[in-house]
Amino acid sequence: MLLIHCPYCEEERPEIEFRHAGEAHLVRSSDIATQGELEFAAYLYLRQNPKGVVAERWRHIHGCGRFFNAIRDTVSDRILTTYKAGEPMPDLDSVLANAENTAPSGKPLMQPVASKSKA
Amino acid sequence: MRKFSIFAVAREAMRGHKGWEKQWTSPEPKSEYDVIIIGAGGHGLATAYYLAKEHGITNVAVLEKGWLGGGNTGRNTTIIRSNYLYDESAGIYDHAVKLWEGLSQDLNYNVMYSPRGVMMLAHNVHDVQVLKRHVHANRLNGIDNEWLTPEEAKDYCPPLNISQTARYPVVGASLQRRGGTARHDAVAWGYARGASDRGVHIIQNCEVTGIRRSPTGAVTGVETTQGFIGARKVGVVAAGHTSVLMQMAGVRMPLESYPLQALVSEPVKPAFPCVVMSNTVHAYISQSDKGELVIGAGTDQYTSYSQTGGLHIINHTLDAICEMFPVFTRMKMMRSWGGIVDVTPDRSPILARTPVPGLYVNCGWGTGGFKATPGSGHVFAHTIARDEPHPINAPFTLDRFRTGRLIDEAAAAAVAH
């Protein structure tokens, strides 16, 4: 079972409190009447389904009830970060670079304090 | 290839069993083949076998990144049935059941097909309506399926608890008597043996890393960890990894890959005569010939390639098993594992040509592909050999997600998706 960091509650909670809600950042056309069927089929059905880093939606259904997004590695199931709905997708390179400062739930860990030289 | 027979067994018994030969060869890859199949699971090997047997195309390579039959073919719960709702599904799954019936003779390899009956339980009014609708639809399609009362269900499967005070009481069941199980490894081995005997090259530990295309867009071959191998026709039969492979050819797929788990108990004497599935309480169970209870759990809710799943999924299934079969409450579970299944939006498979000339795909079997292995390989071989679908797989196109002609088997497997 995954531990997931809800960016609204700012807490790590077990996966059974959450509902997975598919690939994130899929945008429905504002004008589907003029959209071709290939484009609509792509929006409705085609998925990246990557082996590696995915951006996906989750809903904290047994908590705050709100939708948010997560960046997760689908090979290790490690969550690299979570962020609120509506926020832009974070830059993947910096997310990966910051992985060691993040718990497997996506919770940010405290930054290591730079060691001070003793007076 | 020497045939298996009672005389062969007797001869080898006299010679200390020193004369058995390897069942398939492990050749070095050639620089070019007529057809390359990516994935040496049951479906891929069956495709190669029928390409050679039915269509005379023997210059074929089956490429496998791991070992033969080591993916979902070796991880499933071996259930065979064809009691699907829609005509298209009934067509393809019953085609497979008909091939299962003669498969051991056809392959000269015992796949241990055992039509012991598949019973699906109803626990509430909705289940009754859905299962009765399936019974009627199946009978119209010439597929055996019958409705049982709780007492009749218990007669057929004595360990079943039909107490009406259960949390989810059994209020009826449907039974397909031709359904049952087969030995999953033997299916892969039998097809591998039959294909290899006809000249097909099975190349293990050979991962495809790219699909090469000509300037016109047509497939010219595949890049692998053992170098480039040319072919004008490439069939992708890679289950959970289909999206990854199709991406190499620039094709996005209507697929999502989920972990699906199964587990087995310690082996016990024969105690369970059939296959029982329950959609509502979410469990399916049978007993293998070794004596282990083989139990299927559900998929995890998130996409993953980890080949492992959450323990709470298994726990939920065991809760249901213990309530339906109180006799098993003190059984010890021995092993659990996960496989990655590729699920389509309408829960029906895709066996079709793709927008890339020379590239074919057989995928989307989701949580229930094992039962279809012979039928899938048979019609997919036809599709590759003739460059047009067999009438049975003609509806299972990639294009149906554009046209909207879906085959919406929401209840395709006895697990919630």
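Computed from the coordinates by the stated procedures, all read-outs in this text should not be read as laboratory data. What you see is a predicted model; the values in this text were computed from it and never measured. All Cβ positions, even for glycine, are placed from backbone atoms using ideal geometry, and neighbour counts span all protein chains on display.
Within segment B:176-267, the trypsin sites (Lys or Arg not before Pro) that combine a DSSP coil assignment with at most 14 other C-beta atoms in a 10 angstrom radius are B:Arg252. On the beta carbon distance between B:Cys322 and B:Arg133, with R0 = 22 Å, the FRET formula returns roughly 0.15.
Calculated [222 nm] ellipticity per residue, helices only, for chain A: -3500 deg cm²/dmol; basis is -39500 (n - 2.57) per DSSP H run with n ≥ 4, divided by all residues, nearest 500.
Can you give the net charge of the other residues whose Cβ lies under 9 Å from the Cβ of B:Thr220, counting K and R as +1 and D and E as -1? For residues surrounding B:Thr220, the net value is +3. In nanometres, what is the gap between the two model label sites at B:Thr165 and B:Thr403, each 7 Å from Cα along Cα-to-Cβ? According to this spin-label approximation, the distance is 5.6 nm.
Where does the charge balance sit around A:Leu96 when Lys and Arg score +1, Asp and Glu -1, over other residues with C-beta under 15 Å from its C-beta? Computed value for this residue: -2.
Sequentially through segment A:57-74, phi angles give Karplus couplings (6.51, -1.76, 1.60; θ = phi - 60°) of 8, 9, 10, 7, 5, 9, x, 6, x, 9, 7, 8, 10, 9, 9, 9, 8, 7 Hz, Gly and Pro residues having no value and appearing as x. The distance from the alpha carbon centre of segment B:204-219 to that of segment A:27-46 is 30 Å, rounded to a whole number. Between the alpha-carbon centres of segment A:56-95 and segment B:241-312 there is a gap of 26 Å.
The overall shape of segment A:3-99, judged from the alpha-carbon gyration tensor, is prolate: a/c is not under 1.5, and a/b is greater than b/c.
If you take all other residues with their beta carbon under 15 Å from the beta carbon of B:Asp346, and give Lys and Arg +1 and Asp and Glu -1, the sum is -2. Going by alpha carbons, how many degrees (0 to 90, nearest 10) lie between the helix axis of B:87-101 and the longest principal axis of chain B? Roughly 80 degrees between the two axes. A Gaussian network model of chain B, with springs between Cα atoms under 10 Å, assigns the largest mean-square fluctuation among B:Gly250, B:Gly296, B:Gly366 to B:Gly250. If I fit a long axis through the Cα atoms of helix B:373-386 and take the longest principal axis of the Cα atoms of chain B, what angle between them do I get, 0 to 90°, rounded to 10? Tilt of helix B:373-386: around 30 degrees. With respect to chain B, whose longest principal axis is taken over its alpha-carbon atoms, helix B:125-140 is tilted by about 50°. Relative contact order of chain B: 22 percent, from C-alpha pairs under 8 Å at least 6 residues apart in sequence. Taking the fewest neighbouring Cβ atoms within 10 Å as the starting point, the ordered list for B:Tyr84, B:Tyr305 is B:Tyr305, B:Tyr84. Taken as Cα centroids, segment B:345-395 and segment B:74-128 sit 18 Å apart, rounded to the nearest whole angstrom. Spin-label pair A:His62-B:Ser31: with each label point 7 Å from Cα along the Cα-Cβ axis, the two points sit 6.1 nm from one another.
Our summary gives segment B:197-331 a relative contact order of 17 percent, counting only alpha carbon pairs under 8 angstrom and 6 or more residues apart. Each of B:Met14, B:Met333 has some number of other Cβ atoms within 10 Å of its Cβ, and from fewest to most they run B:Met14, B:Met333.
Length gained on full extension, B:Arg386 to B:Ala218, computed as 0.36 nm times the residue gap minus the Cα-Cα distance: 58.8 nm.
Taking neighbour counts of Cβ atoms within 10 Å as a proxy for exposure, in what order, fewest first, do A:Glu10, B:Glu64, A:Glu39 appear? Let's see the in-between values first.
Details: A:Glu10 10, B:Glu64 25, A:Glu39 13.
Going from sparsest to densest Cβ surroundings: A:Glu10, A:Glu39, B:Glu64.
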